[in-house]
Amino acid sequence: MRIVSMETGANISAIMNRFADACNGVAEVLKANGFEFMHSKHLGFILTCPSNCGTGLRAGAMTKLPLVSRKDGFTGTLARMGLQARGTAGVDSASSGGTWDISNADRLGTSEVNLVNIMIDGVAQLIQWEQQLEKGESIDEEWATQGKPEPVKGSKDGKTPNFQPAAEKSNKSTTSSKSGKNKRRKSK
């Protein structure tokens, strides 16, 4: 089972609220039928693909980055930022016109809030770099030293999600959240 919430634009709060409502709705139906999502205190949610264990959450934005994506070390820089890039047709596909599906790389070891904020902050940084390159400015120093953003950057209480993209300029994006959670029968 995969739960997807997506829309054109950058209203990540609406996307995440719709995603949470869908997950909760499925959990209620499962519970009413004697099932629940598989969960481990140590690993989090157990999914069919081991790379998705933990939260199972992949929050991504289709982002046009023709200049940034041509830089040497594009995937390495994304990895240091806690991000990954997929092409426009999903896993193992190519980019189309410099458009990439940029999403959180990790699913395990942190909260859904932190994963969404890593995506928000990372996409905002990539868009800023793209705009600098469009103006002919160098991003080499920042590019070489970029690391993973601090968890819940911009949150007033350290727990509440940011869910506000730092930069929403002319780059259009489609943002989505996906989760594939397995179900199992409760022990009697």
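Values in this text are rule-based calculations from the coordinates and carry no lab data. Everything numeric in this text was worked out from a predicted model, so none of it was measured. For neighbour counting, all protein chains shown are included, and Cβ atoms are generated from backbone atoms with ideal geometry for every residue, glycine included.
Counted by Cβ distance under 10 Å from LEU133, the other residues give a net charge of 0, where Lys and Arg count +1 and Asp and Glu count -1. Loop-located trypsin sites (Lys or Arg not before Pro) in the stretch 48-141 (DSSP state not H, G, I, E or B) with no more than 10 neighbouring Cβ atoms inside 10 Å: LYS135. With a simple spin-label model that places each label point 7 Å from the Cα along the Cα-to-Cβ direction, the separation between ASP21 and ASP72 comes to 5.0 nm.
Can you put THR77, THR88 in order of Cβ neighbours within 10 angstrom, beginning with the fewest?
Working: THR77 22, THR88 14.
Neighbour counts put them in this order, fewest first: THR88, THR77.
In plain terms, the chain from MET6 to ALA32 could stretch by 6.6 nm, reckoned as 0.36 nm per residue minus the Cα-Cα distance.
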